[in-house]
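Report on the structure given below.
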There are 2 protein chains.
Amino acid sequence: MPGHAIHPIDIIRKKRHGEELSQAEVEHFVHTVVLYGEQKIAEGRGEHPTLLAATDKISEAQIAAILMAIFQHGLSHRELAWLTNAMRYSGETFDASSLNTFTVDKHSTGGVGDKSSLLIAPIVAAAGLEMSPSISVPMISGRSLGHTGGTLDKLETIPGFDTQLGLVRMAEVLRETHAAMMGQTPKLVPADRILYAMRDHTGTVESPFLITASIMSKKLAEDLKGLVLDVKVGSGAFMPTYEKSKFLAELMVSTGELAGTRTAALLTTMDEPMGRFSGNWIEVWECVDIMQGRRHPMSADLIELSTILSGWMLYFGGKSATPEAGAQLADEILASGAAYKSWLHIVAAHKGDTSIFTNPAAFHKPKASRVLKASRTGYLAGMDCTEVGWAVQRLGAGRTKPGDPVSAHAGIESHAKIGTHLKIGDPIFTLFSEDEALLAEPYRMLEATVAISDTRTEPQPLIREILTRDTVSL
Amino acid sequence: MPGHAIHPIDIIRKKRHGEELSQAEVEHFVHTVVLYGEQKIAEGRGEHPTLLAATDKISEAQIAAILMAIFQHGLSHRELAWLTNAMRYSGETFDASSLNTFTVDKHSTGGVGDKSSLLIAPIVAAAGLEMSPSISVPMISGRSLGHTGGTLDKLETIPGFDTQLGLVRMAEVLRETHAAMMGQTPKLVPADRILYAMRDHTGTVESPFLITASIMSKKLAEDLKGLVLDVKVGSGAFMPTYEKSKFLAELMVSTGELAGTRTAALLTTMDEPMGRFSGNWIEVWECVDIMQGRRHPMSADLIELSTILSGWMLYFGGKSATPEAGAQLADEILASGAAYKSWLHIVAAHKGDTSIFTNPAAFHKPKASRVLKASRTGYLAGMDCTEVGWAVQRLGAGRTKPGDPVSAHAGIESHAKIGTHLKIGDPIFTLFSEDEALLAEPYRMLEATVAISDTRTEPQPLIREILTRDTVSL
């Protein structure tokens, strides 16, 4: 902490005019936010909160004013790096130094049917296990958010799978299997938890600067040497335009590199559900099929994305001379069965029941289903992929409030991709739910958003642009 | 209240991008702010606050976020009028309809030694009492703020003077004397009290839009038919530049006129203390001297300002064909002794002891004084008038926190105005205090800020610019 007293009002007065804060001011802000959060937690428990020194105090209104001023004026590269770093170290952090390994992770800004994490972790872990130098994936994931799915919700459909490892067990699992897939611990990056709740409440969620600090503080708390970011663009992406997605990607790359982590961001197309299935268990099933060697045509985009992202991770970890060679290696690891072997290893380390992978299709038990068919002959022209994501959520795959259970079996199967020629009556989506009554609304949503046209629209390429320290100004 | 539910987050989402809010949204914001304030007051008293409906709730963080978004993007003329109006009617208001009079008031943005209210109220009241049609001044004033003095603090140096009339007694006093001079009631414009405290806390005080809503809501709650604004410019003004003062003046004129109140704003120079004395009782003394017919040379600027402002009020009230003729009339009312007669009447109606006006100089009893003399021969070139104001406050005329008493006798006497030729050793200021120990720091402050130069600087004209509905876009 700085030697002289910093007052929140002085931070606001600078930031409301877009002036650059000092490192001490940014650190003081995060410090007071964490103390504010601890006080709120104590009050919520009915405990008498610790008396704070005047210089440690910040009010709810002052946090909100600072967030809105940042929303309006943004942050310089340095300020963003300081904010991210102060948040990263605001609670416990993972320390990978004793593992003697190259830690690398992947983060996605969120998509529909995007289960690439489930393939990438075993692919990279297989390379880490079998080849020197060591490489490991300390993957801390999230749950379903808005119209997008969450890795934890998918993994937890595997009977017994424990996503609440904690950092000590995570280190052990990484040592054993070279990949751990878990949820955030309560003590990891507490500043983000407080600021995120406040942003949600004050209309400051969409700031690319605050999004970067939130994502990167959590990823960097994994003690990463390399990070690959999958930044979605298109109708299913959170960011509304290509330019805004690219700006966010640039901020994240510069913030990662300033923190000493090799960082690449791939801008990837999210105009339709990724792969064959969108839901929870059905996404695990799709990955198990792929790892067992069955490559369904609808999974082609998923496999391509997963091997390209893995390729960058393998390249950062010194397993290949180029990212392209890394993608080739990833595909070989997948095809050879090494990724599946690694997957079984990882699931077992998380206490998951691997016996269900023998016949994954049999584990899919929706009580109700309905097929959306082409209303006329023509080419599948497009859809609002965010609307498709919401349909998946409303079938039961998502939750309406935190803590609610999600359905393992709800979701959709895609039968066609954009550009596919359809005859009238051909299936486009099969909808699954555990409750017949939940089918009608998502069916209408999907029916309304799917467009069929007489002329073929060429789909966007999967990878639109790649940003690294060589292309981003730091 | 609007029929459909409005949520604070929707208001924030619009305002953070500078979109115009609807009237219903602005009114809902003020409605929820008042309920929020009532809850806080109840909590502060240890009472169980009323349970609010979800649609009536706003959090401290959300109020702060909205204030910061307004600070950044401002408000349209319509939004500002809606906000001012919603604040104006957020609590009790004065209703002048039964008085059958033209209500007119003056408001100043705050200066040093500016006691024009003490002259204007009796001048206009004298015209209201003695001439048809009726005209009255329902003047609700404030206390010393920052480096500036407050009318209430000055009036309360008159033994017995009651500034806490309340609205019922105010109507009676207006009927009797045609001028009432009182403090705000606890129930008048409660939205401003809450928002002002929040602005102070969140670095959003200086927004000209929020300043306008704050000032105009309180003035319009006096049920005014006419309003004259004295907007200070120069080194003693709150607004840092001429352009910002003018912008604020334009906003206030357009807001007043949109509310149906004839409004004029005079941009007036505040580069040095106004008149002869700056303090509390000594300012009353100066005014009594003037009203009794003694016009000290140092009071010339004060008399000019007071008659010009009164002139506009008399013109709005139909007492003169032009503002200039109104100023002439005001000067005659002052010179004839009619204003002094009115003053005695007004003070008596407020239970003030008028016997002290027989020898006002004798009532001035500072325990300590010191004279700042010219350090060399030359022309008085200028000073930081804000610094002079702070020196006056620190002599004891101001308070360091709300509720503290102020010294009746502390302050300064000006012996020279900008442009005056001084010989070495000539007095510039006499400092008064009730505590010898309080002289040293203000003396040093004044000594440091007063500049003497070999060439004469022409002082700025007192009236810089006049804004009315004819010069301001509404």
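Observations
- Overall dimensions of region B:156-242 as given by Cα atoms, namely Rg and Dmax in Å: 15.7, 44
- Mean partner shielding of peptide B:201-208, defined as the number of other chain Cβ atoms within 10 Å of each residue Cβ, is 6.
- Solvent-accessible area, 1.4 Å probe, carbon plus sulfur percent, for region B:365-453: 53 percent
- Inter-label distance, nm, simple model (7 Å from Cα along the C-beta direction), residue A:57/residue B:361: 5.0 nm
- Coupling constants for region A:415-430 follow from the phi torsions by the Karplus curve (6.51 cos²θ - 1.76 cosθ + 1.60, θ = phi - 60°), and in residue order they are 10, 8, 10, 4, x, 5, 7, 10, 9, 3, x, 5, x, 10, 10, 9 Hz; glycine and proline get x.
- Calculated Rg and Dmax of region B:365-453 using C-alpha coordinates, Å: 13.2, 43
- Shortest first, residue A:7 label-point distances to identical copies amount to 3.6 nm, with the label point at 7 Å from Cα along Cα→Cβ.
- Kirkwood estimate for the protein assembly as shown, i.e. one over the average of 1/r between Cα atoms, Å: 32.4 Å
- Backbone N under 20 Å from the residue B:295 label point (7 Å along Cα→Cβ), restricted to region B:407-433: B:414-418, B:420
- Averaged over the residues of B:192-200, the number of partner chain Cβ atoms lying within 10 Å of the residue Cβ comes to 1.
- 11 Å beta-carbon shell around residue A:288, net charge (K/R +1, D/E -1): -1
- Annotation: per residue accessible area for region A:8-73 equals 45 Å², rounded to a whole number [probe 1.4 Å, protein chains only].
- Site pair residue B:430 and residue A:417 shows an inter-label distance of 9.4 nm when each label is modelled 7 Å from Cα along Cα→Cβ.
- Residue by residue, region B:222-239 carries 3J(HN,Hα) couplings of 7, 6, 8, 9, x, 8, 10, 9, 9, 9, 6, 10, x, 6, x, 7, 5, 6 Hz when phi is fed to the Karplus relation 6.51 cos²θ - 1.76 cosθ + 1.60 (θ = phi - 60°); x denotes Gly or Pro.
- Cβ-vector label at 7 Å, residue B:365, separations to other copies in nm: 9.6
- For residue A:40, inter-copy separations between label points set 7 Å beyond Cα along the Cβ vector come to 1.7 nm, shortest first.
- Local electrostatic count at residue A:242 - Lys and Arg +1, Asp and Glu -1, tallied over other residues with Cβ under 10 Å: +1
- At the residue level, residue B:312 shows approximately 30 square angstrom of accessible surface with a 1.4 angstrom probe and all protein chains present.
- In region B:412-465, Rg over Rh equals 1.04, where Rg is the alpha-carbon radius of gyration and Rh the Kirkwood radius from pairwise Cα distances.
- Mean residue ellipticity (222 nm) of chain B, computed from DSSP H runs ≥ 4 via -39,500 (n - 2.57), nearest 500: -13500 deg cm²/dmol
- When peptides A:318-329, B:269-280, B:174-185, B:38-49 are ranked by their average number of other Cβ atoms within 10 Å per residue, the highest-first order is B:269-280, B:174-185, A:318-329, B:38-49.
- Checking the Cα-Cα distances for B:154/B:401; A:106/A:319; A:218/A:365; A:40/A:232; B:244/B:319; B:232/B:373 against a 25 Å cut-off, the pairs over it are A:218/A:365; A:40/A:232; B:244/B:319; B:232/B:373.
- For peptide B:56-67, the mean count of partner chain Cβ atoms within 10 Å of a residue's Cβ comes to 6.
- Rh by Kirkwood over Cα pairs, then Stokes-Einstein D for region B:51-120 at 1.306 mPa s and 10 °C, µm²/s: 96 µm²/s
- Within-13-Å neighbourhood charge of residue A:353 [Cβ basis; K, R +1; D, E -1]: -1
- Spatially proximal aspartates and glutamates relative to residue A:187 (Cα-Cα < 17 Å; intrachain offsets below 8 disregarded): A:38, A:92, A:95, A:222, A:223
- Per-residue ³J(HN,Hα) for region B:318-324, Karplus 6.51 cos²θ - 1.76 cosθ + 1.60, θ = phi - 60°, Hz, x for Gly and Pro: x, 8, 8, 6, 9, x, 5
- Surface share of carbon and sulfur [accessible, 1.4 angstrom probe, percent] for region A:8-73: 49 percent
- Packing-based order for B:55-63, A:99-107, A:214-222, using average beta carbon neighbours within 10 Å, highest first: A:214-222, A:99-107, B:55-63
- Shape analysis of chain A based on the Cα gyration tensor places the equivalent ellipsoid semi-axes at 37, 26, 22 Å, largest first.
- Most tightly packed first, judged by the mean number of other beta-carbon atoms within 10 Å of their residues, the peptides B:132-145, B:11-24 read B:132-145, B:11-24.
- Our analysis of region B:8-73 gives Rg over Rh at 1.03, with the two radii drawn from alpha carbon positions and Rh computed by the Kirkwood formula.
- Candidate aspartates and glutamates - alpha carbon under 16 Å from residue B:367, same-chain residues fewer than 8 apart omitted: B:413, B:434, B:435, B:436
- Sequence-separation-based contact order of chain A, relative, with Cα cut under 8 Å and 6+ spacing, percent: 18 percent
- Using the 1.4 Å probe convention, the accessible area of region A:145-257 works out to 30 Å² per residue with neighbouring protein chains retained.
The values are calculated or read from the model by the stated rules, or taken from the named source; none is laboratory data. As the structure is a computational prediction, the values presented were derived from the model and not from experiment. All Cβ positions, even for glycine, are placed from backbone atoms using ideal geometry, and neighbour counts span all protein chains on display. Areas reflect the complete protein model, heavy atoms only, side chains present, ligands, DNA and RNA absent. Shrake-Rupley method; radii C 1.70, N 1.55, O 1.52, S 1.80 Å.
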